[in-house]
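One structure is given here, and the rest of the page talks about it.
The values are calculated or read from the model by the stated rules, or taken from the named source; none is laboratory data. Everything numeric in this text was worked out from a predicted model, so none of it was measured. Cβ coordinates were reconstructed from backbone atoms using ideal geometry, including for glycine residues, and neighbour counts include every protein chain displayed. For the accessible areas, the whole protein counts, side chains as well, though only heavy atoms, and no ligand, DNA or RNA atoms are used. Shrake-Rupley method; radii C 1.70, N 1.55, O 1.52, S 1.80 Å.
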Amino acid sequence: MGARRRRRRLAATLATAGLLFGTAACGSGSDTAGSGDPNTLEVWTRSNPDPAATYERVFAAFTKKTGIKIDYVPVINFDQQLQSRASTKDLPDVLINDTALMGSYQRQGLLKPITPASIAGHDQIDGKTWTSTVGLDGRHYGIPYSRQAFTLMVRKDWREKLGLPQPKTWQDMLTLAKAFATRDPDGDGKRNTYGMVVPGSAQNGYAAWWGASYLWQGGARIIEPDGKGRYRPAMDSAAAVRTVTWLKDNLFCGDNGVTQPGALTSITGNATNFQDGNAGMYLTGPYNIATYDGTLGKDKYEVIPAPAGPAGPTVLADGENIYFGARTGKAEQEKALAAFLISPEGQRLAMTGRNQPVVRIPVNTTLDAAEVRDDPRWSVVQKAYEDASQQFPNAPDFAPIKQDTADSLNALFTYCGSDVRSGLKELNDTLAGDLKDQDLLK
């Protein structure tokens, strides 16, 4: 079953890619892509309009300082458009996108290797953060730009009205979620509130992205390195079975209102119940802080460390890297832009302003997130990243691994009569196939 599912997904991916290769990239700068102007860099980010406005401000400051122009293209369907451009061998000069995609991009030959010492200010990024840009061949393929870690957003006003403490453990969190769902925390006399928001769709791997923190808190791993450049699947472990069973039984099965309606078909774009005011908790990234300050108000909610599971409070960390597109010929201009983006000036600009920040936790170690923003809540996020976080493995192509994990978790959570142990055994076999496809299976 696992091998068949993997083949079906691969066939669908290839079919989609075949269609995409015939399309043109869209965006404000795509018509000038590949221009011979050595003083203009085409830069892509995966952004909707609000963070794109922050990038515009950052790039304007860079141009003013250096005279190097930026042809900026904010792209929502980033990977689809990138594959289209890759098929024409005409890549953007600079890409800013997720750290977990580095292995996929490098495997496809889309990136130029980078020597950290060639980037001014490289020594202001710590060694641990630089390691997240190392590929399977030991070379760097990205420059760290922003990092973040999940924290728990909680309706403080609801919690205090119900007389309950901040949750410290999974059980505390479950108790609070059930109270939010059943004890009318908004005081309207109706049962129309929910315990927590979950973007649990299999689409784009969301169930694995959201569920990773719980897996790690339960002592499970998706894949494990052998220390010699290879990996083994690990989702058939006893810890994984216990953790997925706990999530299934307590969050998704049973009529307790712990999660919002449609949680297992929700992605972050439509999982808006927290900001809409009818859900009480959301384990999510700090990019939502600015949004919730505007929709709920700072006084209505709190940002706290994720409650600990049996193996601790570890949460998913991710972020963005700066990548240089392969076969572009503007190395000095690209390095100048990277140096500005990781500098204190560039990082501050990207962390502040009216629009959504595009740097959450600064990679520049001379900066403190809470101090830059004058907001102590960011200390919670920074401490979670520094002391209690784990990233997806960046060197392998993690995209198929994340997607297969999401497919399996979503199916197990959707069908309450499903057998978790056998479902995870099937997933493990599928993950072994994914690793074998990349010649990485231990």
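So which residues in segment 312-329 are in a loop (DSSP other than H, G, I, E, B) and open to solvent by 20 Å² or more (accessible area, probe 1.4 Å), if there are any at all? Explain how you work it out, then say what you get.
Looking only at segment 312-329, we keep the residues that are in a loop (DSSP other than H, G, I, E, B), and these are 313-314, 326-329.
Those that are in a loop (DSSP other than H, G, I, E, B) and open to solvent by 20 Å² or more (accessible area, probe 1.4 Å): P313, T314, R327, T328, G329.
Checking the conditions here, which among K69, K64 is open to solvent by 40 Å² or more (accessible area, probe 1.4 Å), outside the structural domain of P400 (by the TED database) and in contact (Cβ under 8 Å) with a residue 24 or more places away in the chain?
Numbers: K64 fails: in contact (Cβ under 8 Å) with a residue 24 or more places away in the chain.
Unique residue meeting the criteria: K69.
Residue selection: G254 fails the criterion of being open to solvent by less than 50 Å² (accessible area, probe 1.4 Å) and at positive phi.
Take A86 and tell me if it is at pLDDT below 50 and in a helix (DSSP H, G or I).
Details: at pLDDT below 50: no; in a helix (DSSP H, G or I): yes.
Criteria not met by A86.
How many residues does segment 113-123 contain that are open to solvent by less than 40 Å² (accessible area, probe 1.4 Å) and in contact with a strand residue (DSSP E or B) (Cβ under 7 Å, 6 or more places away or on another chain)? Within segment 113-123, residues that are open to solvent by less than 40 Å² (accessible area, probe 1.4 Å) and in contact with a strand residue (DSSP E or B) (Cβ under 7 Å, 6 or more places away or on another chain) number 3.
The number of residues in segment 168-214 being surrounded by fewer than 22 Cβ atoms within 10 Å (Cβ to Cβ), of a type in the set (S, T, N, Q) and more than 14 Å from Q260 (Cα to Cα) comes to 5. Tell me the residue from R221, R191 that is more than 16 Å from D407 (Cβ to Cβ) and touching an Asp or Glu at 6+ places or on another chain (Cβ under 9 Å), please. After ruling out the rest, the residue left standing is R191. All of (1) β-branched (V, I, T); (2) closer than 30 Å to G277 by Cβ; (3) touching a strand residue (DSSP E or B) at 6+ places or on another chain (Cβ under 6 Å) hold for I96 with one exception: (2).
When the helices (runs of 4 or more DSSP H) confined to segment 115-218 are screened for residues that are among the hydrophobic types (A, V, I, L, M, F, W, C), assigned by the TED database to the domain that holds L101 and farther than 26 Å from T243 by Cα, those reaching at least 1 such residues are found at 127-131.
In segment 89-112, which residue that is of a type in the set (G, A, S) and surrounded by fewer than 22 Cβ atoms within 10 Å (Cβ to Cβ) is farthest from the chain's Cα centre (by Cα)? My answer is G109. Return yes when K402 is within 26 Å of T245 (Cβ to Cβ), open to solvent by 40 Å² or more (accessible area, probe 1.4 Å) and either charged (D, E, K, R) or in contact with a Cys (Cβ under 8 Å, 6 or more places away or on another chain) (or both) and no when it is not. Yes; evaluated as a whole, the condition is true for this residue.
If you scan segment 263-272, which residues turn out to be more than 19 Å from A306 (Cβ to Cβ) and either over 21 Å from the mean Cα position of the chain (by Cα) or not in a loop (DSSP other than H, G, I, E, B) (or both)? Residues satisfying the conditions are L264, T265.
Can we say F340 is outside any strand (DSSP E or B), closer than 30 Å to K64 by Cα and over 19 Å from the mean Cα position of the chain (by Cα)?
Considered against the rule, which asks whether it is outside any strand (DSSP E or B), closer than 30 Å to K64 by Cα and over 19 Å from the mean Cα position of the chain (by Cα), F340 comes out as yes.
Just checking, which of G254, G312 is at pLDDT below 95, out of contact with any Leu (no Cβ under 9 Å at 6 or more places or on another chain) and either of a type in the set (G, A, S) or farther than 20 Å from W378 by Cα (or both)? Of the residues listed, the single one that is at pLDDT below 95, out of contact with any Leu (no Cβ under 9 Å at 6 or more places or on another chain) and either of a type in the set (G, A, S) or farther than 20 Å from W378 by Cα (or both) is G254.
With respect to being closer than 30 Å to A177 by Cβ, open to solvent by less than 30 Å² (accessible area, probe 1.4 Å) and outside the structural domain of I304 (by the TED database), A86 falls outside the description.
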